[in-house]
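In what follows, a single structure is set out as structure tokens and then discussed.
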Amino acid sequence: MDSSGRNNRSFARYILDFRKPIGLLLIGITLFMVYWAIHLPIATRFEDLFPANHPNTLLYRQFRRQYGGAQTLVLMIRVKNGDIFNLKTLQDIQDITGEVDKLYGVNHNEVFSLASYRLLYARALPGELVSTPFMYPKVPQNQAEIDDLKNNVHANREQLAAFVTPDDKGALIVASFNEEGLDYKTLFDGVQEIIRKHQDSNTEIYASGAVMFSAWGYHYLPRIQKIFILSVTLMLVILYLSLGHHGGWWAPMLTGTLSAIWGLGFVSLMGFNFDPIMLVIPFIMTARDWGHGIQWQGRYYDELQRTGDKIEACVATADSMIMPGILAIVANIAGVIFITVGNIPVLRQIGIGGAVWMGASVAMVFIFQPILISYLPRSEVREKSLIYRIRSSGLLTRVRGLVDGLAIATVSRGVARTALIGVGVLVLLIGVVAELHVPVGYQTAGTPIYRADAKINEDTAEISKFVPTNIGWIVLETPEFPSSQSGVGIDTLRMSDDLANYLMSRGDVVAVLGFSALATKPMNMLLHNGQPKYYALPDSNSLSASLWGFFFAASAPGEAESYFAIAQSMKNSCIRVMLPDHTYARLERLRADIDYFIKERVATDPALNQVKLRYIGGEAGLYLATDDVIGHLNVINLSLTLAAICIACALFFRSVVAGLLFGLSGIAANFVAFVYMDVHNIGLTVDTLPVISLGIGLGVDYGIYTVARIRDEVVSGLTLEQAIAKGLRSTGAWVFCTFAVMVGGILAWVFSPLLFHSEMSVLLVLLMTTNLIAGVLLLPALIAWRRPKFISGYERNEVAAHQAAS
């Protein structure tokens, strides 16, 4: 070959001329990624679910060790007959407390129950106030001691509101866990062993808390793995039914899987975790990698039939598919990369990892697949195979012809085309309206990750009947004593009481626990011989400080720090707000109430001009932080994703009109997701947002492949109508094959024990279906109707003249 011929070699010629070194390089990179993929940590990091720089998250990070982490376990032991004040139940409470303290990852200073050394009540003795545990180190030994314990519990009911139910039939054990390296599977097994050991015909034990929400996901992991295997099996069967009459039908499965290995390896290299609860997301991305391979393989079979030569078919396919393929992958990446802008670590990991996961298809599908096919024997149609006979049967051929004819007629004929476009416009408008009304955050108590009848949600609902399980903090930053505005100053304590009363009156708060209610007032009453009228704030700042000193001296190790973050200091104290759930509406109202209280009560009081309230910390604050970000992130993500798709399509097709067409079809096809979410009351959360975003990026490439094929056929000399018909019969068929493979795999997730998987699989099937209609019917219909220049401009002069004359 002369130098001019070498300089004019196409992309595919270069790839195939150097196929051996390029292939070995790609295999080497894949083996490197395999090594890292094997070492990918499977773990859930709770803090990654929340925006890293949000004030609530920063507040939580600063004081979680003092005021309690959000990774909590709540066990409730409840008797059916009688009350908890009997030897057997009290012994169970003590034993369970000790067993919880032995669970892997527990924070030993954050285990609370009636039998904990951390729960104290004050007693007045001659010359001193003494704090004594309710039931530590041993349980009552006789009825008199039981009665004494019962009287103490009733006398300190407000202090024990979170640990003994109002009807005396239940008691709670609450523990916090260290978030670093928490083994949820081991934790789940340990909790279930405790329940099996102590539950009997008269005793029910319920388990809830943030750690159990994650731990149940690990319990379900074997079932999720079976569903994953079923999904892959269904995809393989559908792939074989679609391509099995040709040799090399398995190539898309191989190259798509290798792309996924690149993604897994990259995630491991970046130090990210693989959360099994979010398994449906990497599965979707892998299915999309398979889809690109199917598109390439289908076009290869078309070119092989046309040329009859394996290498020439590889060249023609690789050259014609590389640019639409890159455009489709750019759309896929756009559908996931912009969720990173919200600064939520788990979304950042999904966004960056997903971009590489799907971007790897450029190398593995559009470079490695041509190399692989070039080494395989020439693909022959296996006419003796069962698949070929089924596909060639008269009935199936007639059905396929009817479907093709119906699709072409719908796109080409005036009435059907007008109806299709009208429906598309209507769906677009409905979708936009639904997007404005889709709720943000969790909409029910418990977690929507699991079904309503799941054990974790039933246990959470049962516990919430008696004791609130969601906690938020309000942190008071004050001057040090002897300032009258210190954390134990009378004005500060009175303001805290006013805040508690106001929040309780608003109806969203179940209880407000501050130092004055739990320590100052009871100890002041004891100091005055137990007279009830002294259950009030002391008369002076000095007496309040003395009571604070008594509390510190008598409290268990670490106990005081749960109210005052800095030992022996009054500068930083905590008010705990107890909530029945963490729905966004409730959390928003709570914050608005605190805002109003500060504006009307604190900011207007000169005696509090050095007091600062920081809020909301704890678990409630973390969920509110995510809810604050997720609504805005959804708008930004949708805008950037659609803008990226519009710009990329406009550049590829060299037409602003093309970009607008793809953008509008994307809105019409994908905003149906918001209609589904609105109808089913599914909120925008850190779990659902990436699935919706993926649906936008994954679906639009149906239209990209179809429209690119139509343009190629016009360039080759066909009229626009002929090109549309051929494009629908060829690429349209392979698009449908891709759709069938993806939907077949996704449908298996409907049967997942996790409601999140089930709802998102239905949502994705809906998205894939609407994108199929938009890409294979709506876009070609718009092109046939308006004859845009980015396609019709390639018609030859005589064809254009004939069209104008007609």
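What follows is calculated from the coordinates using simple rules that are stated; it is not laboratory data. Bear in mind the structure is a predicted one, so any value in this text is a computation, not a measurement. With ideal geometry, Cβ positions are generated from the backbone for all residues, glycine too; neighbour counts draw on all protein chains shown.
Among T340, N634, A12, whose Cα lies farthest out toward the positive end of the dipole of the chain, if unit charges sit on the beta carbon of Lys, Arg (+1) and Asp, Glu (-1)?
In the chain, that residue is A12.
Give the dimensionless ratio obtained when the Cα radius of gyration of region 37-126 is divided by 2.2 N^0.38 Å.
Values: Rg = 18.6 Å, N = 90, 2.2 N^0.38 = 12.2 Å.
That works out to 1.53 for region 37-126.
Which net charge results when you count Lys and Arg as +1 and Asp and Glu as -1 among the other residues whose beta-carbon is under 10 Å from that of S259? Don't skip to the answer; put the middle values down first.
Details: positive: R288; negative: D289.
For residues surrounding S259, the net value is 0.
Which of T233, V440, P51 sits closest to the plus end of the dipole of the chain, meaning its Cα is farthest towards the positive end, when Lys and Arg get +1 and Asp and Glu get -1 on the C-beta?
T233
Return, ordered by residue number, the residues of region 671-701 whose backbone nitrogen is under 20 Å from a label point located 7 Å along Cα→Cβ of L436.
671-684
What is the angle, in °, between the Cα long axis of helix 87-101 and the longest principal axis of the Cα atoms in the chain? Nearest 10 is fine, range 0 to 90.
Roughly 50 degrees between the two axes.
On a C-alpha basis, how far is the centre of region 488-542 from the centre of region 572-608 in Å? Whole number, if you could?
Using only Cα atoms, the two centres lie 17 Å from each other.
When averaged across all projection directions, what area in nm² does the alpha-carbon convex hull of the chain cover? Display every interim value, and only then the final one.
Numbers: hull surface 167.1 nm².
About 41.8 nm², averaged over all directions.
Any chance you could run the full-extension gain for L651 through R157? It's 0.36 nm times the residue separation minus the Cα-Cα distance, nm to one decimal.
Using 0.36 nm per residue and subtracting the Cα-Cα distance, I get 170.9 nm.
So if a site counts as exposed when it's one of the GluC sites (Glu not before Pro), its DSSP state isn't H, G, I, E or B, and it has at most 11 other Cβ atoms within 10 Å, what's the longest stretch of the chain without one? Intermediate results must be reported in sequence, preceding the final value.
Details: sites that count: E180, E380, E383.
By the stated rule (loop sites, at most 11 other Cβ atoms within 10 Å), 384-806.
Of L40, H198, Y117, which is farthest along the charge dipole of the chain in the positive direction, counting Lys and Arg as +1 and Asp and Glu as -1 at C-beta?
Value computed over the given set: L40.
Could you check the simple spin-label distance between D453 and V34, using points 7 Å along Cα→Cβ, in nm with one decimal?
Each label point lies 7 Å from its Cα, and together they span 4.5 nm.
Which value in nm describes the separation of the simple spin-label points at I311 and N86, placed 7 Å from the Cα toward the beta carbon?
Each label point lies 7 Å from its Cα, and together they span 8.8 nm.
Divide, for region 82-192, the radius of gyration over alpha carbons by 2.2 N^0.38 Å, where N is the residue count.
Cα Rg divided by the expected 2.2 N^0.38 Å: 1.16.
Extending each Cα 7 Å along its Cβ direction at N202 and F11, get the distance between those two points in nm, one decimal.
A separation of 7.7 nm, rounded to one decimal place.
If you place +1 on the Cβ of every Lys and Arg and -1 on the Cβ of every Asp and Glu, how big does the dipole about the Cα centre of region 443-527 come out, in debye to the nearest 20?
Rounded to the nearest 20 debye, it is 140 debye.
Cα-Cα pairs above 16 Å in region 187-294: how many percent?
Working: 4028 of 5778 pairs.
The proportion of pairs with Cα distances above 16 Å equals 70 percent.
Taking the DSSP beta bridges in the chain as the whole, what percent of them are antiparallel, to the nearest 5? Walk me through the numbers on the way to the answer.
Numbers: 42 of 44 bridges.
So the antiparallel bridges in the chain amount to around 95 percent.
Taking the Cα centre as origin and putting +1 on Lys and Arg beta-carbons and -1 on Asp and Glu beta-carbons, what dipole magnitude results for the chain, to the nearest 20 debye?
2860 debye
Just from its helices, what would the mean residue ellipticity at 222 nm be for the chain, if runs of 4 or more DSSP H residues each count -39500 (n - 2.57) and the sum is divided by every residue, rounded to the nearest 500 deg cm²/dmol?
Details: 32 runs with 487 residues, N = 806.
Only helices count here, giving -20000 deg cm²/dmol.
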